[in-house]
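The values are calculated or read from the model by the stated rules, or taken from the named source; none is laboratory data. Remember, predicted model here, so these are calculated numbers, not experimental data. Using ideal geometry, Cβ is built from the backbone for each residue, glycine included, and neighbour counts are taken over all protein chains shown. These area figures cover heavy atoms from the full protein model, side chains too; ligands, DNA and RNA do not enter into them. Shrake-Rupley method; radii C 1.70, N 1.55, O 1.52, S 1.80 Å.
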Amino acid sequence: MFGSFTTRRNFGNQLFPSRTLGQFGGASSAIAGNFLNAAGITDPTISTAINQLVIDLLNFNILHKFYAIYPFVGGSATSCKFNLINPADTNEAFRLNFVGGWTFSANGALPNGTNAYANTFLSPAITFNLNSHSFGIYSRTNNITGVQIVLGCTDSGFTNFIQNNITVGNLYSGGLSTGFFSYTAAPTTSLIMGTRTSNTLFKGFRSGVLLGSNTNSISALPNVNVYLGARNNNPTPVSFSLHQLAFAFFGDGLNDQESQNFNTIIQTFQTTLSRQV
C-alpha cells in the first residue's frame, strides 16, 4: 500500500515509514494526537497548528529525518518538554529537562540568561550521522549582547562542537578550528539552523536564506548531551542565552530545498499560533 520503505523513525509507539505525498491516511492525526495527549494540550488553535505541522512535514517528505522536534507550546514546563517525534517522558525519548530560571508562555520558552538551560539528553556522537545531521531553533528575541549560545555542547577536550553562538554569529559542526563558519549575527530572530549533508559540506540558513558554509572535513562529534539555552561544557553550562525559543529540532541533514521548505513549514506553524517574527 505504501510503496518501498526507505527510512524508519520511532513516532511514539508506532513505527512510521517514509512515504510519498498523499499516502499518509490518519498517520498525521496519530502523531499529533500522541504529542498533544502527552503534553496535556486541548486548546483548538494549538491542536490545529500541531496537526498541520505534522501534515506539512509529511507532505514534504522530511518528517522521517528528525530525531527530536520541540514545538514549545502550551505555556508550561510540562507541555514544552515533550518531543513531537517521540512524546514519551523519558531521557531516551529526548524529552527536555529544564534547569534554572525559565518563563513559559504562549510564545514559547524564555531562559533568564544567567542559569537557565534545558538538557536534551541527545548526544551528537551517538545520535547523529557524522556526515548528515541538522539542528536549529526558532528565536523570537533580537539580542546580540555578549556571548549567548542558544544550543550547544563540546567534549572534555574542547575539540569537537555542535553549537549556535547566536550573538557572535557562528555555527559549529565538528572541530574547534575546522568545523565552523561565521555569519552576520543580526537579526537573531526566526528559524536559524545548521545542516551537514556530507563530510565536507556544512551550511547555515536563517529564514531559509543561506548564511554561510564550510567545506572542511570532520572526523568526530561531541559525545555529550546538547543543551538548549546554553552550551554544555561537559557538564557545566556556559554562555547562557536570553533568546525566547518557539521551536527547536535535531535531525538528519537537509539539503537546500528541504531547508527552504522546512522554513516555510515552521513559519506557517508560528503564524497559526500568532507568534511569528
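Remarks
- Cα extents of the range 39-104 along the three principal axes, largest first (Å): 37, 28, 17
- Relative contact order (percent, whole number), the range 202-277, Cα cutoff 8 Å, 6+ residue spacing: 25 percent
- Rolling a 1.4 Å probe over the protein heavy atoms gives the range 145-259 an accessible area of 32 Å² per residue.
- Only protein heavy atoms count here; under a 1.4 Å probe, Y117 has an accessible surface of about 40 Å².
- Averaging Cα coordinates gives a centre for the range 93-153 and one for the range 32-71; these two points are 19 Å apart.
- Among residues other than S182 with Cβ under 14 Å from its Cβ, the summed charge is +2 (Lys and Arg +1, Asp and Glu -1).
- Overall form of the range 50-194 per C-alpha gyration tensor (a/c, 1.5; a/b vs b/c): rounded
- Ellipticity estimate at 222 nm from DSSP helix runs (n ≥ 4, -39,500 (n - 2.57)) divided over the chain, nearest 500: -6000 deg cm²/dmol
- Assuming charge only on the beta carbon of Lys and Arg (+1) and of Asp and Glu (-1), the dipole of the chain about its Cα centre is about 80 debye to the nearest 20.
- Shape category assigned to the range 103-175 from the gyration tensor of Cα positions, a/c cut at 1.5: prolate
- Rounded if a/c under 1.5, otherwise prolate or oblate - the range 194-270, Cα gyration tensor axes: oblate
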